[in-house]
1. What is the sum of charges around A:Phe145, taking Lys and Arg as +1, Asp and Glu as -1, for the other residues whose C-beta is under 11 Å from the C-beta of A:Phe145?
2. Which far-off residues, 5 or more places away or on another chain, put their amide H under 5 Å from the one on B:Asp279, with H placed in the peptide plane?
3. When chain B is treated as a GNM, springs tying every alpha-carbon pair under 10 Å, which of B:Ile74, B:Ile291, B:Ile116 comes out with the largest mean-square fluctuation?
4. Report, in degrees rounded to the nearest 10, the 0 to 90 angle that the Cα long axis of helix B:286-296 makes with the longest principal axis of chain B.
5. Please work out the FRET efficiency for the pair A:Ile241 and A:Phe196, using the Cβ-Cβ distance as r and a Förster radius of 25 Å; give the result to the nearest 0.05.
6. Go through region A:281-298 residue by residue and turn each phi into a ³J(HN,Hα) via Karplus (6.51, -1.76, 1.60, θ = phi - 60°); whole Hz please, and just put x for glycine and proline.
7. At what distance in angstrom do the alpha carbon centres of region B:24-88 and region A:292-308 lie from each other?
8. Is the shape of region A:272-405 best called rounded, prolate or oblate, per the rule: a/c under 1.5 gives rounded, else a/b larger than b/c gives prolate, else oblate, with a ≥ b ≥ c the square roots of the Cα gyration tensor eigenvalues?
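Rule-based calculations on the coordinates, nothing more; no lab input. Treat the numbers as computed from the prediction; the structure is a model and nothing was measured. As a convention, Cβ positions derive from the backbone with ideal geometry for all residues, glycine included, and neighbour counts pool all protein chains shown.
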Amino acid sequence: MTMMDAAPAAMQPENNDRAAITGLSAAMAKWNALPAWLRWGLSAAIGVLVLATVQTVTGDTDRLTASSASESMLRWSIPVLLAGLGGLFSERAGVVNIGLEGMMILGTWFGAWGAFNWGPWGGIMAGLIGGALGGLLHAVATVSFGVDHIVSGVAINILAPGIARYLSDQVFTGYTGGSITQSPRVESAGLLTMPFLAGGKIGEWKSPDWLGDIAAWDIFFLSDMAGFTRGLFSALSYFSIIALAMVPLSAWVLWRTRFGLRLRVCGEEPSAGESLGVNIYAYKYAGVIISGALAGLAGAFIVIELTSIYREGQTNGRGFIGLAALIFGNWRPSGILVGALLFAYPEALSLRDLDGTASSALRLVIVIGLMAVLARSVMNARRADAVIAGVLAAGMTLWYVTASTVPDWFPDILPFALVLLVLLFNSQRLRMPKADGLPYRRGS
Amino acid sequence: MKMSLGRRFFYAFGAPLLAAIIALVVATIVMLISGSNPIEGFGDMAENATRLETIIDMLNRATPLYISAVAAAIGFRMNLFNIGVEGQYLLAAFFAASVGGSVTLPAPLHIALVLITAVVIGASYSGVAGLLKVTRGVNEVISTIMLNGIAISGILVWLVRAWADDSGASNNIGSRVVPESGRIPDLNGAVEVFTREISKGRRLTGVLLIAAAVGLGYHVLINRTRFGYDLRASGWNPFAAQVGGVPPRKMIFLAMVFSGGIAGLVGMVEILSTKFKYDQSFVQGLGFSGIGVALLGRNHPGGMVFAALLFALLDVSSGVLQISGSASREIVIIIQGVILLAAVVAYEIVRRIRERDEARLTAEAMRSDSKDAASSASSDLASA
């Protein structure tokens, strides 16, 4: 949805649609003047409208806006969201964290170990601590010893699976159901279904399911909206609620507190911070350790809420997708949330999409997205972008017309492909922290 | 100003030694925690390492590690991180096996065709990242990570099924099998000239020669050609290089393409001399290990040979530790990770000590210069 809030166009219209283009950019300016929450809400509504339209036009699926889709989307987005927020704290402090994947692996192992011994909340704490230890290692290497950030991250990604496997061999093989590659089953932290909105229970009394009722009316867009929203409020894990609360919390800490200001100085202009007496090393350490802790939480979430078990290799590159969400979200918490939800959506759809119709219809959604990019590029007179978007949209349309089903790997690669697309069209608009990834030494 | 021999030795070998010591200490601690005897463990490893079979296994393992390290090193020399070696070599191996498996040609031509296919595919896939970087300013670390994901969970999953060799009734579907004429002969004959016969069905891979050629080519390219000079110059100071007439975009693109081309060869040990096909149990993770080897060997053609041999020895030893019961095999991955982290930290420490020493020496020289030119000359002579 970040594609929607475009900056005012560079005014270089070369054709005679000048009036129309001026009108469009005036509309854009008005759009940008809206308050952020309204823009996000409207963007989401436009997204659902697109999904509902595609659903109605193709007519062979009703899963795109079903509450099961949004429910799974939310659940599957949490690990990516937490990893992305982890990356945010590290990179805002000027340390690139490729090691998120490794820290997440530590989080899965420690999460399972803690959950097995002390229940889900113990697992959450243990995962957090395990990830934070990984962060500490990264901080020692990059901040104290000035090792290149990518190098240290790669080393951690090599080290972490080895540690997890070694620890499993030492600990889990002793439990029934455990082995060197997996833990015994662990319990979830519990689910909450919102009363009234999604028909949750208050005590023993089952409240009415208002949104569910509206969704059952089967009215175009209105029912879609209701169904989709209902999914966001049903079977919501308490762990998910905590993770979602991290989004405003991170924004508040980073942009509204003294700690956050100093942390961001480390990522933008550390020498300026140093001259004002900020202990840059300490703040970088704090940022990277928080980053590891959040990545560890992401790992613990996978174990406790998604799979109920630790299994080797179960992070499956989600740390890297978290990094992708960070970039997609332009190093901002709200953007990371949008990125995580977008990346989780195809995966969530494919879970219940045994006949592949929903994933197939998703291709039309992508075509519409590419058309929007095309329109924007034409408006901004960026010919290369327009040509690329046009070719991609045409190719996707051709694929949709010629093949009625999509292969099962299609949802798996969509997050990666989406990030490449966003970088392809938006890399000039993304702004990473100025001193991100640069080595820093006190007094230099 | 001349430095003492001891100091120069420290600058050159201090870091690897320090890293080895740290790794030994960590390995000892881990073994003690898991209740095994470290002396026994290291003893088993050392005893095993002197066997001819182990040396053959080690060389077979070091071969792809070394090629992967060279691929990463080409990028590093230009401050480019090609994290995508993983995806590039898997994709290249699949295409090379498929092309090699669908033709019959005289032996040298057939092998050459497989190798060329691998290089072209590897180079094209990394070229995508290079193109994205020079035309759209997309950071290569991010784009190669994403391209890895697309190659491994998308393209390969799709093509392995679409082009599957359905002649066998195996669950392990894979590419076509490269026929006899496309297989590279082993080097057992060469080994037996010098030593006893290799037992237990071990075969020293002929791809070792390709790895040697890659290493030599890398050395010549980087240190003896104009292109290599431009590459290093752009890596050290892109702006100065640009002022000196080196086109930065072209260098970035070419470095990515070269890196990917070499990456394409990483899977050739399996394709040309052990399994002759790409299947679902194809060796993975060599791309990331190669980055480790390149870092450990400091991107130096000779240094990476030692680093690759060390990592390969550790890999090969893991099985022995397990069988002899002296330690669990996971300890080897931990040792590798620790060596890597310890090495990069140690290099940084040694660099800082060296910088400080040089600053001190320069300051001393300036001071004696300003005092008396004649006495400084004599002190120079004295210290020399």
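1. Taking every other residue near A:Phe145 into account, the sum is +1.
2. Close amide H contacts, sequence-distant or interchain: B:Ser175.
3. Evaluated over chain B, the most mobile residue of the options is B:Ile116.
4. 20
5. 0.90
6. Whole-Hz 3J(HN,Hα) from phi for region A:281-298: 4, 4, 5, 5, 4, 4, x, 6, 5, 4, 4, x, 4, 5, 5, x, 4, 4.
7. 30
8. oblate
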